1. How do the pairs read when you match residues in the range 153-171 that are in contact (Cβ under 8 Å) with a residue 40 or more places away in the chain with residues anywhere that are among the small types (Gly, Ala, Ser) and within 8 Å of the ligand (Cβ to nearest atom), using Cβ under 8 Å and keeping only pairs 6 or more apart or on different chains?
2. Only one residue in Leu84, Leu77 is within 16 Å of the ligand (Cβ to nearest atom) and either of a type in the set (S, T, N, Q) or outside the structural domain of Glu38 (by TED's automatic domain parsing) (or both), so which one is that?
3. Pick out the one residue from Glu300, Glu268, Glu342 that is surrounded by fewer than 19 Cβ atoms within 10 Å (Cβ to Cβ), among the acidic types (Asp, Glu) and more than 30 Å from Ile64 (Cα to Cα).
4. Can you say whether Leu315 is assigned by TED's automatic domain parsing to the domain that holds Ala288 and within 27 Å of Asp276 (Cα to Cα), as far as the supplied structure shows?
5. Sort out which residues of the range 46-90 are in contact with a helix residue (DSSP H, G or I) (Cβ under 8 Å, 6 or more places away or on another chain) and β-branched (Val, Ile, Thr), and write them in order of number.
6. Looking only at the range 169-203, which residues are within 17 Å of Ile97 (Cα to Cα) and either touching a helix residue (DSSP H, G or I) at 6+ places or on another chain (Cβ under 7 Å) or buried (at least 22 other Cβ atoms within 10 Å of the Cβ) (or both)?
7. Residues Gly105, Gly89: which one is within 16 Å of the ligand (Cβ to nearest atom), closer than 30 Å to Ala127 by Cα and assigned by TED's automatic domain parsing to the domain that holds Thr149?
8. Here is a check on your reading of the model: is Val231 within 25 Å of Leu44 (Cβ to Cβ) and either more than 16 Å from the ligand (Cβ to nearest atom) or under 16 Å from the mean Cα position of the chain (by Cα) (or both)?
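The values are calculated or read from the model by the stated rules, or taken from the named source; none is laboratory data. Because the structure is predicted, anything quoted here is derived from the model rather than measured. As a convention, Cβ positions derive from the backbone with ideal geometry for all residues, glycine included, and neighbour counts pool all protein chains shown.
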Amino acid sequence: MSHTAPTPRAELDGIPAYVPKPPKPPAEGPSYRLFLNENPYPPLPSVLAAITEAAAQTNHYPNIFPDRLTDALARRLDVPPEHLTTGPGSVGIYQQIGQAMLKPGDEVVYAWPSFEAYPIVVRMAGAVPVEVPLADGVHDLDAMAAAITPRTSAVFLCEPNNPTGTAVGAAELKRFLDRVPSDVLVVLDEAYYEFYRSPDAPDGVALHHDRPNLLALRTFSKAYGLAGLRVGYGVARPALAQALRKCAVPCGVSRVAEEAALASLRAEHELFERVDRIVAERERLRTALTAQGWAVPPSETNFLWVSAGAGSEALAGELERGGLLVRAFPGDGLRVTVGSSEANDLLIAAVGRLTPGR
Ligand SMILES: Cc1ncc(COP(=O)(O)O)c(C=O)c1O
């Protein structure tokens, strides 16, 4: 009998582990999950009721596509249903992008640091990542435009950016989109759209109408608090949306997830009051951390970036011991999700105690 084993594709060797090792909660006392940009609020009673009712039908497959959700989103966004694709989270749609739009050897331009899924999606397709460093923590759109070559098939643009929370705004974004060749796909990742309060916030759904190379990505994970159920969607012109739908995992959005998303759309008013509270807490947290002497850029998301440089890991470790589980980017900074006001109070106090020179 031969002892050889099946060999995975060589491209997988270059793929970094995506899911970071979760910080360890302390053995005693409460802990707060501030490392995945989750919503601190549990599901609304009306959403939980929809989840419970749908869960009773778990012996049945869901539809191949979540058609009722697609129709509800189409009405909500005022786009035809053919402009939509859905998936198990926006990461599910990134898999559709990889399969439908990227070929081995293609170049994909994106900023770095940005959403950690990007190098994985690109390498998985056998495509080549072209990472353009942020300039002062913000997308360097001139450098990104200059990085586009005849081999570029896509640009991934996270607006506002994860992990820095920073944004470029609609005017700059439109100037950039005008410079991208029409045969290059632009994925505008708007995972934090609902937290974006600048008057110059772009709206990818509005922008897609006259840009056949634009795909706007949104999710129910953040503002709608459904991270655990995995529902995301993309909006694009029909040809692009159809190509993506062809690559969707059949039944990839469960009945429970679809019903929860539908109930969340019905309860949007209540959910967006929560988003307002998170935005107010974001500003309170930023003001406090800045007053302590930390460099914290303005954020348009539900998290803040603390430029702690070489001390980032040590600071995250200390916070972790106090039950505040944040994400360290070694040598660079900390990404801290805006949590409940209780968690934010504890964070302000703990970071204040750990501030050098205090
Ligand atoms: C920029 C960005 N895009 C997409 C996602 C993934 O969202 P989903 O839960 O919809 O897969 C995240 C999650 O953190 C994110 O930060």
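1. That search, which allows pairs on different chains as well, returns Phe156/Ser114; Cys158/Ser114; Cys158/Ala191; Asn161/Ser114; Asn162/Ser114; Asn162/Ala191; Pro163/Ser114.
2. Just a single option satisfies the conditions, and that option is Leu84.
3. Glu342
4. The answer is no for Leu315.
5. Within the range 46-90, Val47, Ile51, Thr58, Thr70, Val79, Thr85, Thr86 qualify.
6. Passing the criteria: Leu185, Val186, Val187, Leu188, Asp189, Glu190, Ala191.
7. Gly89
8. Answer is yes for this residue.
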